[in-house]
Amino acid sequence: MSKMNGHSAPSIQEIIEKKRDGECLDKDEIDTWVEKVVDGEVANVQLGAWLMAVYLKGLSPEETSYLTRAMVDHGETLTWPAHWPANLIVDKHSTGGVGDKVSLPLAPALAACGLKVPMISGRGLGMTGGTLDKLESIPGFRVQMSKDEITEILDKVGCCIVGQTAKICPADKIMYQARDVTGTVGCQGLITSSIISKKVAEGISCLVLDVKWGLGSYNGTCENAEVLAKSLSEVANSLGVKTKAVISHMNHPLGLAVGNSLEVIESIQCLQGGGPADLRELVCLEGAILLQEAGLVKSRQEGVEMLAGTLDNGTALQKFADMLKFQGVSKETVSKLLSRDCNNNSSVLPTAKHLSNLVSEKSGYVDFIDAGLIARLACNLGAGRSNPEDKLDHSVGVLLTKSPGDYIEIGEVWAQVHHNTPYTPSQQILKCLSVVDSKDLVGPRIAKVIE
Ligand code: URA
């Protein structure tokens, strides 16, 4: 043990050995570990060894909470003017999925209800683009904003969707990169601290999580999603952020559009009171949970109605327009993009040169369309990344024409592939449409809310 301020500070090696032996690390040991990671005192081999020890031995809920707190404290946090009611500052996080564009309509809809949403979002890896990638389909959209700019946009508009700065949770950045190359990404304690630290650093009071399970997500089963949701909620609540989690499936893509520009168009349809029913349902439920937690409505149903009202009466769309302008998009682009004429809005977004139809080999009711295979197809077309450095093609993707429960005839089109490179459908893709004889088998998108 080395001496620090009269106390014995554990050495890096001692911390690694303790975790290797399956013991629980205390608050000071975890804080020291994170401090040394951020200060560059932990060698890469030591970081890899610690991550593997954590992966194999796990982190208790207390250790996960200490790790999350330390990751927040050893970095910059967002703070808000004292006159802003703290309960009104909220955010959401989704574990990600295929066609998951909920953040785009949700943030402005919440702002239209009077909440403030400082949404720090990410880019996608391994599937289709993340929220920032989708928004970057819009010419001029700027994801990097200073703390002062974020405060100004929250004051004037009520929401923003921005990228993480290097100074927020720097330990997460370092550890995430190391996890990626040491086979230690899929560890519940590490996933929880990584996700929740960035949300706590936003200075929010309430958080809603959308934890996915199914073919197009990294939680294979609903039970796994629930376990992760409980871990995320418990840690966030232990750090003072009131948190609830929605469990929803990702067997079928969310909505009909998969691919960056295509998803922006579908988000705008939702903000205009239309768009696919499953997208609107998730936006309204997640928004209602936050409105209730923030104390603006008494019941979830009242929250759903308030949220739906902002989608139907144009106030959420106006907030989206204001957010885009603040984040660098020209007035002309915004007015074309939000026009109800679809030729106009697609004229400002990148569009693919070629469209190819996928047709059904069978008649019956659509059960689901394998979200994992659609994600792989969209990613191969250029809508997602295999490596962090890959450049995206914002114009490409897949537009489904059928939702679960719809009837389809043999030979009828179920999807349009938007592509810029030569494309021939594989047998696997043709088989990803699951058609059943009875409509009764089609299950709901949302499994439950973890209160
Ligand atoms: N998203 C994150 O930010 N971190 C993880 O570990 C997993 C998903």
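The values are calculated or read from the model by the stated rules, or taken from the named source; none is laboratory data. What you are looking at is a predicted structure, and each value in this text was computed from that prediction instead of being measured. When we count neighbours, we look across all protein chains shown, and the Cβ atoms used for this are built from the backbone with ideal geometry, even at glycine.
Tabulated values for the structure
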item: Neighbours by Cβ (under 9 Å, 6+ apart or cross-chain): first from region 335-349, within 17 Å of Leu104 (Cβ to Cβ); second charged (D, E, K, R) and modelled with pLDDT of 80 or more; result: Asn345/Lys336; Val348/Glu332; Val348/Lys336
item: Test: Trp80 is surrounded by 15 or more Cβ atoms within 10 Å (Cβ to Cβ), of a type in the set (Phe, Trp, Tyr) and part of a helix (DSSP H, G or I); result: no
item: Lys212 vs. criteria within 20 Å of Arg376 (Cα to Cα) and either assigned to a strand (DSSP E or B) or not assigned by TED's automatic domain parsing to the domain that holds Gly309 (or both); result: yes
item: Region 176-185 - residue that is more than 23 Å from Pro118 (Cα to Cα) and within 9 Å of the ligand (Cβ to nearest atom) and, of those, surrounded by the most Cβ atoms within 10 Å (Cβ to Cβ); result: Arg179
item: Helices (runs of 4 or more DSSP H) fully within region 101-200 counting 1 or more residues that are in contact with a Cys (Cβ under 9 Å, 6 or more places away or on another chain) and under 25 Å from Gly384 (Cβ atoms); result: 103-112, 170-182, 188-200
item: Selection count, region 414-451, where residues are outside any loop (DSSP other than H, G, I, E, B) and surrounded by 15 or more Cβ atoms within 10 Å (Cβ to Cβ); result: 15
item: Boolean, Ile150 is over 30 Å from Thr351 (Cα atoms), away from the ligand (no atom under 13 Å from the Cβ), in contact with a strand residue (DSSP E or B) (Cβ under 7 Å, 6 or more places away or on another chain) and outside the structural domain of Val34 (by TED's automatic domain parsing); result: yes
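Table: residues versus (1) surrounded by fewer than 24 Cβ atoms within 10 Å (Cβ to Cβ); (2) more than 21 Å from Trp213 (Cβ to Cβ).
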site: Pro253; (1), (2): no, no
site: Gly259; (1), (2): no, yes
site: Gly273; (1), (2): yes, yes
site: Ser299; (1), (2): yes, yes
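Every residue, every condition in (1) small (Gly, Ala, Ser); (2) more than 28 Å from Ile204 (Cβ to Cβ), yes or no:
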site	(1), (2)
Ser11	yes, yes
Asp39	no, no
Val54	no, no
Leu67	no, no
Gly75	yes, no
Pro81	no, no
Ala86	yes, no
Ser94	yes, no
